[in-house]
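Have a look at the structure below, then the notes.
The values are calculated or read from the model by the stated rules, or taken from the named source; none is laboratory data. Model, not experiment: these values are computed from the prediction. Glycine also receives a Cβ, built like all others from the backbone with ideal geometry; neighbour counts cover every protein chain displayed. Just so you know, the surface numbers come from the protein's heavy atoms only, side chains and all, with ligands and any DNA or RNA stripped out. Shrake-Rupley method; radii C 1.70, N 1.55, O 1.52, S 1.80 Å.
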Amino acid sequence: MRKRGAKEGRPADGPSTDGIPGLGVGVQVYVREREQPAADDWVGEPTGVIVAPGDRNLRNVYGPADGFTTWTVSFFEPQRRRDGRGPFERAVIPAALLVAEEPLSD
């Protein structure tokens, strides 16, 4: 299930130099799967839009790519966890698991 156009390997947050936006409110994203699947992972790679910062208690003042930054994502369709929990319409997700989608061309 991989219809992704975003370039792998670019920083999850921050400005983009390749025309693909960094993460922030209003950015369309998908949740990539972890290398080692876990029960609380999302099934497939759900897509959605960032609607707010995540848990502010975990944000670090040293920058958005600190490993603690999270974003609240509103999914396009309700999603379930790999262990069957759900459906969830939105979730707080670590920035390290989010990839910005390429903007639509005119």
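Output the residues belonging to segment 35-54 that are in a loop (DSSP other than H, G, I, E, B) and closer than 10 Å to ARG82 by Cβ.
We begin by selecting, within segment 35-54, every residue in a loop (DSSP other than H, G, I, E, B); these are 35-41, 43-46, 54.
Once the filter is applied, which keeps residues that are in a loop (DSSP other than H, G, I, E, B) and closer than 10 Å to ARG82 by Cβ, segment 35-54 yields PRO37, ALA38, ALA39, ASP40, ASP41, VAL43, GLY44.
Does ARG82 fit the bill of being crowded, with 17+ Cβ neighbours inside 10 Å and modelled with pLDDT of 85 or more? Reasoning before the result, please.
Values: crowded, with 17+ Cβ neighbours inside 10 Å: no; modelled with pLDDT of 85 or more: yes.
Here the answer is no, as ARG82 does not meet what is asked.
Count, please, the residues in segment 96-106 that happen to be at pLDDT below 90 and either open to solvent by less than 60 Å² (accessible area, probe 1.4 Å) or out of contact with any Gly (no Cβ under 6 Å at 6 or more places or on another chain) (or both).
Qualifying residue count for the region: 6.
So in segment 39-58, with the set limited to residues that are within 14 Å of ILE93 (Cβ to Cβ) and modelled with pLDDT under 80, which one is most open to solvent (accessible area, probe 1.4 Å)?
Looking at the filtered set, the residue picked out is LEU58.
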